[in-house]
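Read-outs: derived from the displayed coordinates by stated rules, not from any lab. Everything quoted here is computed from the prediction, not taken from an experiment. Ideal geometry is used to build each Cβ from the backbone, glycine not excepted, and the neighbour counts take in all protein chains shown.
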Amino acid sequence: MAIEKLARKAGSGVAILVSAGIVYEIIAAACSSPQTTEINAFARADTLMKWVYIGEVQAALFVGLAAYFDPHFAKEYIIGGVLAGGIMHTCYVHAKVAGLANGGPPSEVYG
């Protein structure tokens, strides 16, 4: 295998991890965890989901910038970002639906 092909393969993995990592970090910084969303869905589901959407927009901007400024790995940045964004979005939607359907004691006192 040529050195160039090996370097391309190694760089691709790093780019995918960086892209996925930034999506997870930005969404986590913008909102509570899926577990908190599920536990407190009755009182805060809409607010929590609003921040998931805001985090997704922020993440998309950063992934887009990374792809633009590093076009050699643009595909990998986008793949990592889309995969991580899709997984996290699905987790939060599931948490909201499960929390609203199953209720349970919240982790917060409302008053």
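How far is it, in nm, from the label point at Ile87 to the one at Val57 when both lie 7 Å from their Cα along the line to the Cβ? Between Ile87 and Val57, the label points sit 2.5 nm apart.
Dipole magnitude for the chain: computed about the Cα centre from +1 point charges on Lys and Arg Cβ and -1 point charges on Asp and Glu Cβ, it is near 240 debye.
You can think of it this way: the chain between Ala98 and Ala43 has 18.4 nm of extra reach, that is 0.36 nm per residue less the Cα-Cα gap. Counting only the Cα atoms, the chain fills a convex hull of 94 Å³ per residue. Taking Cα pairs under 8 Å and at least six residues apart, what relative contact order does the chain come out at, in percent? Computed value for the chain: 41 percent relative contact order.
Less than 19 Å from a label point 7 Å out along the Cα-to-Cβ axis of Tyr24: which backbone N atoms in region 77-111 qualify, by residue? Residues 77-95 fall inside that zone. Per-residue extension of 0.36 nm, minus the Cα-Cα distance of Leu65 and Gln35, leaves a gain of 7.8 nm for this segment. Against the main long axis of the alpha-carbon atoms of the chain, helix 41-69 sits at an angle near 10°.
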